[in-house]
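K.L.:
Have a look at the structure that comes next, please.
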Amino acid sequence: MSVRSRAAIVAVGTTEQGELRGRGADEVSVEAIRLALDEAGLDKSEVDGLITCRSNMNTAGTDTSVGALLGLNPRYSATLDYGTCNFSLHLAVMAIMAGLAETIVLAYGATQRTSKVDFGVPLGVDLATASGYVHIAGPAGLALQRHKHLYGTTDEQFGHIAVAQRQWARLNPLAIFTKPLSMEDYLAKPYLVEPLRRDDVTMISDGGAALIVTSAERAADFPTTPVYVRGIGEAAALNGGRERDNLLRPWIANVARDVYASAGMGPQDIGALYIQDPTAVWVLQMLEYYGFCPVGEGGRFLAEGHTYPGGKLPLNTNGGQLSESYMWGWLHLCEAVRQLRGECGERQVPGLETAMYCSTMTFTKGAASIISTSK
């Protein structure tokens, strides 16, 4: 059964980002939910679904804890250990299509910065951990080295990801990092994990985000412009560590194939692109696998300036995780919705009708969503 335009995002809510002292992750989630409910003109009693995303490395973010704190008792609820908004959005669309709920709140909250969560610990049993890499920057650095070796990608070409996203962030009041970043500034910085510099790797921050998703039939009842889910795609690579060149994650091309087929669209139809970017390496890879440039030519594509403000492919117009906030990519989808509704001021992409958000869970799974103001 096709998911095309069967559900729509009708509201988003985002808290301040950075350091939110004196509050737990669940409280931040509830704050974001209340902001989304206000935008939608909804009372919590009108919500019949809740999907939460467990905050990284702790027990916060379960539907039971967030629902109890908000005083919400929906007929359908679920928690994903790894939501990145794409996976949570897809679950909401499927629940609506199955008739389990009609109006679902998706939420994520984190206080990992003020809680001083240690990200330098093993997250699972895999080749990277066995090799001593307990942070994503390690295998991502190896992936970039591989790309450089195969295709001649240079540090300067790669640096256009961080520099362009900083330019977008400077137009975003929600962004944490807004200090100007030139290419000269970027290249002058030491390596964090060679060949990655600090600006190539996300910061850790506190914050919350929420979205309200409803059936396409009900979407017209809300005061906001509905943003329809035109297509979704997912792929797993659970055995990817045994595959050739898995550092380059070629299986992402399977997500691209499926999301385009689901939406009946191609890369030429995407007016703004959002790529979850715990490291800038993911941007380089996904630009290629989603067909915005040929595989191996991502460096040259970036150097031509296409992803900067005013370029032909607006990319992470919020500043991404490199400059806006960490948030597991949830803010990418919130930004895409606001861009499609024409609410982004100086950074607004003119005439935007269709956007895509792509995300991955390290080297094990990926997902993408194409959303649009038209059915």
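The values are calculated or read from the model by the stated rules, or taken from the named source; none is laboratory data. Note that the structure is a prediction, hence the values are computed from the model and not measured. FYI the Cβ positions are ideal-geometry reconstructions off the backbone, even for glycines, and counts take in every protein chain you see. Calculation scope for accessible area: heavy atoms of the full protein, side chains included, ligands and nucleic acids excluded. Shrake-Rupley method; radii C 1.70, N 1.55, O 1.52, S 1.80 Å.
K.L.:
Taking amide hydrogens as modeled 1.01 Å from N in the peptide plane, which residues meet the under 5 Å criterion relative to Leu192, leaving out close sequence neighbours?
P.N.:
Arg197, Arg198
K.L.:
Taking the convex hull of the Cα atoms, report for region 160-248 its projected area averaged over all directions, in nm². Walk me through the numbers on the way to the answer.
P.N.:
Details: hull surface 40.3 nm².
The Cα convex hull of region 160-248, projected and averaged over all directions, gives 10.1 nm².
K.L.:
To continue, here is another question. Can you pull the accessible area of Ile176 for me, 1.4 Å probe, Å² to the nearest 10?
P.N.:
For Ile176, the solvent-accessible surface is approximately 60 Å².
K.L.:
When only the heavy atoms of the protein chains count and the probe is 1.4 Å, how do Ile33, Ile232 rank by accessible area, highest first?
P.N.:
Ile232, Ile33
K.L.:
Continuing with the same structure: Which order do Arg34, Arg198, Arg218 take by accessible area at a 1.4 Å probe, largest first?
P.N.:
Descending order: Arg34, Arg198, Arg218.
K.L.:
Can you tell me the order of 17-29, 318-330, 153-165 when each peptide is scored by its average per-residue count of other Cβ atoms within 10 angstrom, highest first?
P.N.:
Working: 17-29: 19.2, 318-330: 28.2, 153-165: 22.5.
By packing density, highest mean first, the sequence is 318-330, 153-165, 17-29.
K.L.:
Taking a probe of 1.4 angstrom, what is the accessible area of Lys365 in Å², to the nearest 10?
P.N.:
70
K.L.:
Would you please state the base-10 log of I(q)/I(0) at q = 0.11, 0.13, 0.25, 0.26 1/Å for region 226-315, with intensities from the Debye formula using one equal scatterer on every alpha carbon?
P.N.:
Each listed q maps to, in turn, -0.33, -0.47, -1.43, -1.48.
K.L.:
Enter the accessible area per residue of region 155-251 (Å², integer; probe 1.4 Å; all protein chains in place).
P.N.:
That works out to 44 Å² per residue.
K.L.:
When all protein chains stay in place, what accessible area (Å², nearest 10, 1.4 Å probe) is found for Phe177?
P.N.:
80
K.L.:
While we're here: Give me the percent of accessible area attributable to carbon and sulfur for region 214-346, probe 1.4 angstrom.
P.N.:
Numbers: 2050 of 4420 Å².
Answer for region 214-346 is 46 percent, counting heavy atoms of protein chains only.
K.L.:
Within straight cross-link reach of Lys365, meaning Cα distance under 26 Å, which lysines are found once same-chain residues fewer than 8 apart are removed?
P.N.:
Cα-Cα hits under 26 Å: Lys148.
K.L.:
Another question about this same structure. Assuming a viscosity of 0.890 mPa s and a temperature of 25 °C, what translational diffusion coefficient in µm² per second does Stokes-Einstein assign to region 226-279, Rh being the Kirkwood radius over Cα pairs? Walk me through the intermediate numbers first.
P.N.:
Values: Rh = 12.9 Å.
The Stokes-Einstein estimate is 190 µm²/s.
K.L.:
Just checking my list [x] 5, 26, 36, 25, 7, 0; [y] 5, 19, 22, 19, 15, 10, 6, 3, 2, 0, 0; [z] 5, 23, 32, 25, 12, 3, 1, 0 against P(r) over Cα pairs in 10 Å bins from 0, in percent computed from this structure; which label fits?
P.N.:
It is the one labelled [x].
K.L.:
Right, something else. Considering only protein heavy atoms, with the full assembly of protein chains and a 1.4 angstrom probe, order Thr14, Thr84 by accessible area, largest first. The partial results should precede the final answer.
P.N.:
Values: Thr14 25, Thr84 0 Å².
Largest accessible area first, the list is Thr14, Thr84.
K.L.:
Assuming R0 = 30 Å, what is the FRET efficiency of Thr178 and Val295, from their Cβ-Cβ distance, to the nearest 0.05? Don't skip to the end; give the middle numbers.
P.N.:
On the way: r = 33 Å, r/R0 = 1.11.
Plugging the Cβ-Cβ distance into 1/(1 + (r/R0)^6) gives 0.35.
K.L.:
Further question on the same structure: For region 1-74, what percent of Cα pairs sit more than 13 Å apart?
P.N.:
Tail of P(r) above 13 Å: 70 percent of Cα pairs.
K.L.:
A follow-up question, please. For Lys312, go through the aspartates and glutamates and keep the ones whose alpha-carbon is under 17 Å away, minus same-chain ones fewer than eight residues off.
P.N.:
By straight Cα distance, Lys312 reaches Asp269, Glu288, Glu297, Glu304, Glu346, Glu353.
K.L.:
Roughly how many debye, to the nearest 20, is the charge dipole of region 280-375 about its Cα centre, given +1 on each Lys and Arg Cβ, -1 on each Asp and Glu Cβ, and no other charges? Could you put the intermediate results ahead of the total?
P.N.:
Numbers: 7 positive and 8 negative charges, 40 e Å.
The calculation lands at about 200 debye.
K.L.:
Can you give the angle from 0 to 90° between the axis of helix 280-289 and the longest principal axis of the chain, with both taken from C-alpha atoms, to the nearest 10?
P.N.:
In the chain, helix 280-289 runs at an angle near 80 degrees to the longest axis.
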